[in-house]
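One structure is given below, encoded as structure tokens.
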Amino acid sequence: METKMIRFEKNEKAAEMIAEFYGCRPKVFVHSFGCQQNVNDGEKIKGVLIDAGFASAECPEQADLIVFNTCAVREHAEQRVFGNIGALKKLKETNPRLMIAVSGCMAQEEAVVEKFKNHYPFVDIVFGINKIDLLPEILCERIRSQRRVLDTPAERTEVIEDIPQERGSRFRAWLSIMYGCDNFCSYCIVPYVRGRERSRASADILKEFRELVDAGYKDITLLGQNVNSYGKGLTEAINFPQLLRMLDAVPGDYCIRFMTSHPKDATHELIDTIAESRHISHHLHLPVQSGSNRILKLMNRRYDVESYLALIDYAKTRIPDMTFSSDIIVGFPGETEEDFLKTEELCRRVEYMQLFTFIYSKRSGTAAAEMPDPTPRKEKSDRIGRLLAIQEEVVAKLGKEMIGRTVRALVEGDGRKKDSLTARLDNNMTVEFMQNAPVGEFAEIRITGVRGAILTGELA
Ligand code: 5AD
Ligand code: SF4
């Protein structure tokens with residue numbers, strides 16, 4: 001299906017109505033939960049509201065409008081959101097003018113919207129993820145009707161271009177290249193809440209990318225649920241490696257990162273593109289989820305351990321200093337000790353620099369929610385602990401291998417130790433050092449040691 005596109009235009013009438021309603025310039029606080037895609041959506045929510053006349057609030061207490069941009073990927077994330085929103089009831093009692101709006105993945109779940117409707121009377125607005133551009137109008141509807149506006153989830157399939165963005169950093173930026181997911185991994189709610197895959201036209205991505213480089217951004221992360229299927233549904237013939245090469249050709253001093261790569265769609269062409277590029281990070285986030293072929297099949301991941309490892313080996317040969325990170329779900333329904341041992345083996349074999357481990361969380365509506373899940377919770381958390389122990393050993397080994405090397409790293413800000421700074425290496429490792437250097441600029445750093453997952457070093 002061909003993707004349609006709409007260009008954002010400021011709604012002057014809505015801005016006028018907002019100004020009239022509040023009298024003085026109102027303030028907005030946006031709280032984003034979950035993944036980087038959500039963080040980028042949060043920057044757009046803020047951008048649209050600032051465009052409509054709001055100023056940015058430093059904290060919820062200062063705000064006239066609080067927007068919760070929510071995550072639904074695991075139950076724990078949802079509970080946190082409900083907890084945080086519940087805590088605002090008091091704030092609303094002291095500031096009756098305060099409005100509370102909810103968006104993000106939870107706003108796309110019918111049962112959740114019902115819950116807001118029936119049990120959270122102080123939530124004024126629930127609006128869909130794909131309606132960020134319409135937020136000023138939705139707010140006006142709330143003002144005009146003097147009633148809550150709780151939008152029922154409906155899929156809006158167009159890609160909206162030119163949405164203003166209020167970026168959280170002046171040197172690190174998120175750039176969404178596609179939205180949605182068509183993969184339907186059996187545990188995952190994302191395809192149900194974020195809808196089908198839609199890619200942005202390469203010319204629009206290139207324009208935004210150039211603007212970021214010109215504005216001095218040094219670290220630009222391309223975002224999508226599965227960046228490797230970029231290009232599907234566009235009238236132009238383009239794939240993800242081609243897009244990467246197009247962006248890499250833009251002159252400037254910067255680093256390109258991307259996430260997330262689905263292993264079934266990551267190709268040798270992708271690895272070759274990274275190897276031959278000037279700006280692309282030597283790091284690949286390639287979530288494996290499990291090291292057991294039996295579980296991968298139940299997860300509907302559509303690759304096996306052998307093909308995954310073959311790709312990792314190709315990348316290691318082609319780019320010797322490449323590092324890898326991964327997501328792993330522990331305790332997927334029916335995961336046995338034997339399955340889990342295979343995950344342990346895979347982690348030892350790949351040597352991930354970073355591992356994000358999650359206990360399986362049942363999401364209603366997904367295929368896995370119907371599968372029997374007899375493993376006790378305690379067993380699952382023990383398995384997480386075992387993975388973390390392996391990870392500690394691996395990270396210490398990878399860190400030791402870095403000692404003595406001089407690397408380029410982007411200085412990001414204060415470190416954990418007093419008077420220290422941290423910087424991010426091209427391969428995504430973090431180094432802490434005690435000298436002064438300009439934040440948001442690259443520095444040459446000699447690695448002198450490793451403490452846990454963090455390297456230590458000094459300016460070279
Ligand atoms: N339970 C636990 N983890 C999940 N993830 C996605 N869905 C679930 C779930 N139902 C994890 C996957 C994915 C990451 C973003 O979140 O590992 O890669
Ligand atoms: Fe979820 Fe799988 Fe899509 Fe990732 S690829 S968002 S895990 S369905």
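The numbers here are math on the coordinates, done by the rules we state, and not lab data. Bear in mind that the values here come from a model prediction, so they are computed numbers and not experimental data. Neighbour counts run over all protein chains shown; Cβ positions are idealised from the backbone, glycine included.
What net charge do the residues around T422 carry, taking every other residue with its C-beta under 14 Å from that of T422, with Lys and Arg at +1 and Asp and Glu at -1?
On the way: positive: R172, R416, K417, K418, R424, R451; negative: D219, E412, D414, D419, E432, E441, E458.
Once all neighbours under 14 Å are counted, the net charge is -1.
So for segment 305-385, Kirkwood radius off the Cα pairs, Stokes-Einstein at 4 °C and 1.567 mPa s: how many µm² s⁻¹? Write down the numbers at each step before the final one.
Details: Rh = 14.2 Å.
D, rounded to a whole number, is 91 µm²/s.
Sort largest first and round to whole Å: the equivalent ellipsoid semi-axes of segment 350-412, each the square root of five times a Cα gyration tensor eigenvalue. Don't jump to the answer; show the numbers that get you there.
Working: eigenvalues 254, 50, 14 Å².
Equivalent ellipsoid of segment 350-412: 36, 16, 8 Å, largest first.
Give me the three principal axis extents of segment 1-129 from the C-alpha atoms, as integers in angstrom, largest value leading.
48, 39, 25 Å, listed from the longest principal axis down.
Taking R0 as 41 Å, what FRET efficiency do you get between K90 and I50 from their Cβ-Cβ distance, rounded to the nearest 0.05? List each step's numbers first, then the result.
Working: r = 27 Å, r/R0 = 0.65.
Given R0 = 41 Å and the Cβ-Cβ separation, E is 0.95.
Taking the alpha-carbon distance from K89 and a cut-off under 16 Å, which aspartates and glutamates remain once sequence neighbours fewer than 8 residues away in the same chain are dropped?
Partners found: E61, D64, D124.
When DSSP beta bridges are limited to those with both residues in the chain, what percentage is antiparallel, rounded to the nearest 5? Don't jump to the answer; show the numbers that get you there.
Numbers: 22 of 67 bridges.
If I count the DSSP bridges inside the chain, around 35 percent turn out antiparallel.
Compute the semi-axes of the equivalent ellipsoid of the chain, taking the square root of 5 times each eigenvalue of the Cα gyration tensor, and list them largest first in whole Å. Walk me through the numbers on the way to the answer.
Values: eigenvalues 263, 152, 106 Å².
Each semi-axis is the square root of five times an eigenvalue, giving 36, 28, 23 Å.
Please report Rg over Rh for segment 29-85, where both radii come from the alpha carbon positions and Rh follows the Kirkwood definition.
Values: Rg = 11.9 Å, Rh = 11.9 Å.
My calculation of the ratio gives 0.99.
Show that you can apply the helix-only estimate: for the chain, add -39,500 (n - 2.57) for every DSSP H stretch of four or more residues, divide by all residues, and state [θ] at 222 nm to the nearest 500. Before the final figure, lay out each step's value.
Values: 14 runs with 163 residues, N = 460.
Counting only the DSSP helices, I get -11000 deg cm²/dmol.
Using only alpha carbon positions, build the gyration tensor of segment 249-344, then give the equivalent ellipsoid semi-axes as the square roots of 5 times its eigenvalues, largest first, whole angstrom. Intermediate results must be reported in sequence, preceding the final value.
Numbers: eigenvalues 176, 31, 24 Å².
Result for segment 249-344: semi-axes of 30, 12, 11 Å.
Assign unit charges at the C-beta atoms only (+1 for Lys and Arg, -1 for Asp and Glu), then state the dipole size of segment 372-452 relative to its Cα centre in Debye, rounded to the nearest 20. Working shown, then result.
Details: 15 positive and 13 negative charges, 59 e Å.
Value, rounded to 20: 280 debye.
What is the chain's relative contact order, in percent, from Cα pairs under 8 angstrom and six or more apart in sequence? If you can, show how the numbers build up before the last one.
Values: 889 pairs, mean separation 48.9, N = 460.
For the chain, the relative contact order is 11 percent.
Over segment 165-279, what per residue volume does the convex hull of the Cα atoms give, in whole Å³? Can you show the working numbers first?
Numbers: hull volume 12.5 nm³, N = 115.
Considering the Cα atoms of segment 165-279, their hull volume per residue is 109 Å³.
Here is the link list: K10/K218; K115/K380; K90/K417; K207/K264; K232/K297; K46/K117. Which ones come out longer than 32 Å on Cα distance?
Numbers: K10/K218 29 Å; K115/K380 30 Å; K90/K417 36 Å; K207/K264 29 Å; K232/K297 24 Å; K46/K117 24 Å.
Distance filter (> 32 Å) returns K90/K417.
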